[in-house]
1. Can you tell me which residues in segment 199-209 are outside any loop (DSSP other than H, G, I, E, B) and either in contact with an Asp or Glu (Cβ under 8 Å, 6 or more places away or on another chain) or in contact (Cβ under 8 Å) with a residue 40 or more places away in the chain (or both)?
2. Filter segment 85-98 down to residues that are open to solvent by 20 Å² or more (accessible area, probe 1.4 Å) and under 14 Å from the mean Cα position of the chain (by Cα) and give me whichever is nearest to P141 (Cα to Cα).
3. Please state which one of I189, I212 is open to solvent by less than 30 Å² (accessible area, probe 1.4 Å), under 14 Å from H90 (Cα atoms) and in contact with a helix residue (DSSP H, G or I) (Cβ under 7 Å, 6 or more places away or on another chain).
4. Considering each residue of segment 34-62, count those that are over 11 Å from W123 (Cα atoms) and either among the small types (G, A, S) or part of a helix (DSSP H, G or I) (or both), and give that number.
5. Pairs only if they're at least six apart or on different chains, beta carbon under 7 angstrom, first in segment 7-30 and under 14 Å from G43 (Cβ atoms) and modelled with pLDDT under 85, second outside any helix (DSSP H, G or I) and open to solvent by 50 Å² or more (accessible area, probe 1.4 Å); list them, first residue then second.
6. Anything in segment 108-140 that is over 13 Å from L66 (Cα atoms), open to solvent by 30 Å² or more (accessible area, probe 1.4 Å) and not in a loop (DSSP other than H, G, I, E, B)? List them, or say none.
7. Are any of the residues in segment 154-163 out of contact with any Lys or Arg (no Cβ under 8 Å at 6 or more places or on another chain), assigned to a helix (DSSP H, G or I) and among the β-branched types (V, I, T)?
Amino acid sequence: MTAGCADILCMRRVAAVDDIMGKLHSFPLFTRMTPSELEVVAGSLRVRRCPKGAFIVSRGEPGTALYLLVSGRVKLTIASPDGKELVLGHLDAPAHFGEASLAERQPHPADVVAITEVEMLIWDVRDLNGALRTQPDLAVPLVAALSRRLRDTIGRLEDLTFHDAGQRVSRVLLNIATAREEATGVPLIKGFTHYDIATLAGTSRETASRVISALGSEGALSVHGRTILVDLERVRDAISS
């Protein structure tokens, strides 16, 4: 188990399964399951909590489980030997990660670090493979998640190669706000510092702050503390101009 994280045990197993079943309802992965099928899955899961800053998985270690993020936020990151960091993305609950390393215990391609306190459900690869044999529809959202992350990675490479720092910051803001709108109906960026946005854009915090300020002056953003309301169309126009 990762240092700093703790598996949550419950003496009343029935109560634990009922609680886990309630948490699974927030994941599209399980929407087609019947209550009895969901109960079987819930009975095979472990609950784990990690404090802010904990390494949930480390790059290079073999994958043994699918992680279902119930609450909190994590980042997927790669660190160089000299301490430089490349942030590949952030995930907010409900989300899942670890899919890329499940086939034949392949190594995790990146570190996954808790940005806030997090709670997860751990699905051991043996139990997951058993579920896939009886519920092949489960493979569809897992493949979709891998495809989406591959597309996002290609987009990041394109940004770093062909776009200047200002455009990269704007595209990060646009992507985060668009994802939030799809999930909640409101194009918000909440809980991200200027440093977080800068690392996603591959630039400095000062550059990110300057771009955010300029977009705010143009009416494309409305900043309220650490919450940013984004006018998606105006940001798109700023990127294409």
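1. Keep residues of segment 199-209 that are outside any loop (DSSP other than H, G, I, E, B), which gives 199-201, 205-209.
If the condition is that a residue be outside any loop (DSSP other than H, G, I, E, B) and either in contact with an Asp or Glu (Cβ under 8 Å, 6 or more places away or on another chain) or in contact (Cβ under 8 Å) with a residue 40 or more places away in the chain (or both), then T199, L200, A201, T207 are the ones that fit.
2. Once the filter is applied, the top-ranked residue is H96.
3. Values: I212 fails: under 14 Å from H90 (Cα atoms).
Of I189, I212, the one residue that is open to solvent by less than 30 Å² (accessible area, probe 1.4 Å), under 14 Å from H90 (Cα atoms) and in contact with a helix residue (DSSP H, G or I) (Cβ under 7 Å, 6 or more places away or on another chain) is I189.
4. Number satisfying all stated conditions: 10.
5. Qualifying pairs under 7 Å: A16/C10.
6. R133, T134, P136, D137, V140
7. Yes, there is a match, as at least one residue in segment 154-163 is out of contact with any Lys or Arg (no Cβ under 8 Å at 6 or more places or on another chain), assigned to a helix (DSSP H, G or I) and among the β-branched types (V, I, T).
So that you can scan it fast, the table gives a plain yes or no per residue for (1) at positive phi; (2) of a type outside the set (A, V, I, L, M, F, W, C):
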position	(1), (2)
G202	yes, yes
E218	no, yes
H224	no, yes
T227	no, yes
V230	no, no
I239	no, no
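The values are calculated or read from the model by the stated rules, or taken from the named source; none is laboratory data. Computed from a predicted structure; not experimentally measured. We place every Cβ from the backbone using ideal geometry, glycine too, and count neighbours over all the protein chains shown. Note: accessible area is taken over every heavy atom of the protein model, side chains too, but ligands, DNA and RNA are not part of it. Shrake-Rupley method; radii C 1.70, N 1.55, O 1.52, S 1.80 Å.
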